[in-house]
Amino acid sequence: MEKVQSHSFKAEMKQLLNLIIHSLYAHPEVFLRELVSNSSDALSKIRIKKLTDSTLFDFDSKLEIKIKLDKETNIFSIEDTGIGMDENDLINNIGTIAKSGTLEFISKLKESKKEDSSSLIGQFGVGFYSAFMVTDEVTIETRNDEPNGKAYRWKSNGDESFTIEEIEKENRGTKISFALKEEFKEYLEDWKIKTILKKYSNFVEFDLSVNDEKVNSVTAIWQRSKDDIKEEELNEFYKFVTNDYNEPLTHLHLNIEGNINFKSLLFIPASAPMNLYSNELDKGLQLYTKKIFIQDDSKNLLPDYLKFVRGVVDTEDLPLNVSREVTQTSPILAKIKTILTTRILNNLEEMSNKDKDKYKKFYLAFGPIFKTGANSDYTNKEKITKLLRFESTHSEDGEMISLTDYVSRMKEDQTEIFYLSASNKEIALKNPNLEFFKSKDIEVLILSDPMDVFVVPNLYEFDGKSIKSIDKADVKVTEAEEKSEEAKTNEDNFIAKFKDILGDKVENVIESLRLVDSPVTLVVGQQGMDAQMEKMMQMMDKDFVTSKKIMEINLKHPLIKNLEKLFVAKENEKLELAVNQLYEGAMLIEGYMKNPNEFVNRMYGFMQDATN
């Protein structure tokens with residue numbers, strides 16, 4: 001037998017322990033939730049291995065969790081018959097932070113002074129250390145599932161170091177024990193522990209006992225009839241499977257029979273997790289077959305744009321010895337995915353019609369990721385498109401409308417759906433390209449979500465109406481008025497002078513039919529990229545080159561008329577200064593001006609002339 005070996009915690013581990021023990025948890029009782037959750041995970045892992053490996057150590061032991069409370073010795077212990085750990089697991093999983101970036105995340109969480117971050121801590125693999133809130137020293141005794149494996153004891157006071165020694169242990173699994181601090185001796189009371197377990201762990205899938213009395217109501221809630229399940233039970237089950245303290249926004253209970261058979265209980269959270277757009281969001285639906293747990297993160301049951309949905313799926317059509325590789329290519333799961341996707345979209349459509357406030361909450365939380373389905377799911381593109389929501393020039397501040405709403409109030413002779421992309425509605429409403437549409441009271445959708453510029457241009461049409469950006473040069477606004485040949489020639493020559501002055505700064509210069517109050521504007525060519533899209537591309541790639549814009553001139557504007565007089569009088573120096581100032585002013589409005597020095601100095605010159 002090996003002697004006791006001492007190991008030092010890594011520097012970041014010491015900081016993490018200090019944060020958790022002294023700053024992080026608002027409710028010390030969550031130590032129990034975290035320890036039970038870890039035991040449940042260990043049992044789930046061994047249950048899966050038992051499906052395909054009969055050589056595992058202690059194969060026939062019952063999968064259970066036992067909590068012992070000893071008032072005489074002041075010892076709290078929790079023991080499971082799960083997968084257990086070896087020496088490397090104790091050093092690498094217990095002695096170091098499980099995931100990179102965890103310490104930084106938790107430090108920021110503390111700095112933000114969030115009242116209770118305990119709903120998040122379990123996601124980062126450090127929930128075990130919550131035990132140090134209620135004790136000064138923790139002991140782990142563990143034996144893994146290898147037939148020739150060894151048992152070990154890990155011990156630490158959560159300060160500088162931990163020790164590991166080899167011991168004898170007859171059973172597979174892990175036992176965690178510790179003496180409670182004086183102020184936390186209430187956690188030795190049966191009633192107190194049972195109350196906490198009912199709150200956090202009532203739906204643990206394995207028998208859970210306190211001093212040999214079973215306390216959890218192990219039940220496959222999704223197998224029961226909808227009418228037999230109370231709202232409180234649904235909320236409790238949701239919190240159990242998600243570690244979310246809040247109640248879900250809505251749920252969907254399915255019992256599908258026919259060519260394929262499965263039962264499912266799905267939830268849409270009330271708010272998005274902080275890592276919704278990160279690859280670290282690896283939790284999918286829980287997959288069962290005949291009530292036997294198979295996978296905790298089955299990503300193949302839903303498309304990516306619905307990855308925020310949580311819950312369980314239980315099918316009788318998969319074999320019990322199914323492996324992760326099989327589930328990735330299973331035609332059965334592909335069919336289930338199709339059904340689940342359809343039912344969720346139908347549920348959202350019903351919500352959007354019957355409970356607009358609830359749907360708005362959903363869309364504000366998950367709209368940016370949900371709308372990507374319009375680009376990726378061609379089967380359901382029409383359904384998803386109808387569920388999209390946007391601000392508009394005619395909507396109240398903070399309100400959003402659907403494309404169906406927009407079409408229903410289009411002008412009688414209007415054939416296109418118009419949109420404008422901007423960082424927010426306030427900025428959009430000041431865009432010169434809106435002037436014609438305002439003057440004719442034509443509604444324009446405002447795309448303020450960055451994801452919109454990836455989605456909307458690829459819709460192309462809705463309800464037979466083409467969808468067009470008002471920033472595009474080819475948008476049909478109004479017909480040019482009839483002019484004499486002489487007037488047209490003079491204007492063409494004037495416009496050509498603009499183009500000559502600006503040179504290759506612009507793609508072209510043309511008369512504007514959309515401007516009312518502004519002298520000039522910049523628009524995108526027919527093949528050009530949306531302005532907001534270009535800005536996003538610039539953010540992602542500093543070497544990205546934006547396309548040249550087309551300058552439109554409002555020939556009726558007093559300033560332009562004055563410039564035309566300068567052109568006729570051949571005062572080319574003043575005209576050149578003014579044209580460049582107009583161009584750079586338009587660039588400033590669009591957010592493309594890179595060097596404002598010339599613009600400002602030129603402006604000073606104009607001000608000096610005006611005040612002479």
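Taking (1) within 30 Å of the chain's Cα centre (by Cα); (2) surrounded by fewer than 18 Cβ atoms within 10 Å (Cβ to Cβ) in turn, Asp452 satisfies each apart from (2). Starting from segment 554-574, keep only residues that are in the same structural domain as Arg514 (by TED's automatic domain parsing), then list their pairs with residues that are assigned to a loop (DSSP other than H, G, I, E, B) whose Cβ atoms are within a distance under 7 Å, requiring at least 6 positions of separation or different chains. Here the result reads Asn554/Ser512; Asn554/Leu515; Asn554/Ser518; Asn554/Pro519; His557/Pro519; Leu559/Pro519; Ile560/Pro519; Ile560/Asn554, each pair linking segment 554-574 to a residue that is assigned to a loop (DSSP other than H, G, I, E, B).
Suppose we keep only residues that are at pLDDT below 75 and in a loop (DSSP other than H, G, I, E, B) within segment 295-331. Which one would you say is farthest from Thr342 (Cα to Cα)? Applying the filter and picking the extreme gives Asn321. May I ask you to list pairs of residues, at least six apart or on different chains, whose Cβ atoms are under 6 Å apart, with the first in segment 178-196 being surrounded by 14 or more Cβ atoms within 10 Å (Cβ to Cβ) and the second being part of a helix (DSSP H, G or I) and not polar (S, T, N, Q)? Within 6 Å, the pairs are Leu180/Tyr187; Lys192/Glu186; Ile196/Leu32. Filter segment 133-149 for residues that are touching a residue at least 40 places away in the same chain (Cβ under 8 Å) and under 17 Å from Asn93 (Cα atoms); which is surrounded by the most Cβ atoms within 10 Å (Cβ to Cβ)? The residue in question is Thr142. Glu391 fulfils the conditions (1) buried (at least 18 other Cβ atoms within 10 Å of the Cβ); (2) in contact (Cβ under 8 Å) with a residue 60 or more places away in the chain; (3) more than 21 Å from Leu252 (Cβ to Cβ) except for a single criterion, (2).
One line per residue, one yes/no per condition, for (1) assigned by TED's automatic domain parsing to the domain that holds Val545; (2) within 42 Å of the chain's Cα centre (by Cα):
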position: Ala480; (1), (2): no, no
position: Thr489; (1), (2): yes, no
position: Gly503; (1), (2): yes, no
position: Val509; (1), (2): yes, no
position: Leu513; (1), (2): yes, yes
position: Ser518; (1), (2): yes, yes
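Taking the listed residues Glu165, Glu141, Glu183, the one that is out of contact with any helix residue (DSSP H, G or I) (no Cβ under 7 Å at 6 or more places or on another chain), within 26 Å of Ser54 (Cβ to Cβ) and not β-branched (Val, Ile, Thr) is Glu141, with no other qualifying. Candidates in segment 456-475 are the residues that are buried (at least 21 other Cβ atoms within 10 Å of the Cβ) and within 29 Å of the chain's Cα centre (by Cα); of these, the one that is nearest to Gly528 (Cα to Cα) is Ser469.
The values are calculated or read from the model by the stated rules, or taken from the named source; none is laboratory data. Because the structure is a prediction, the values reported are computed rather than measured. Reconstructed Cβ throughout: ideal geometry from the backbone, glycine too, with neighbour counts over all protein chains shown.
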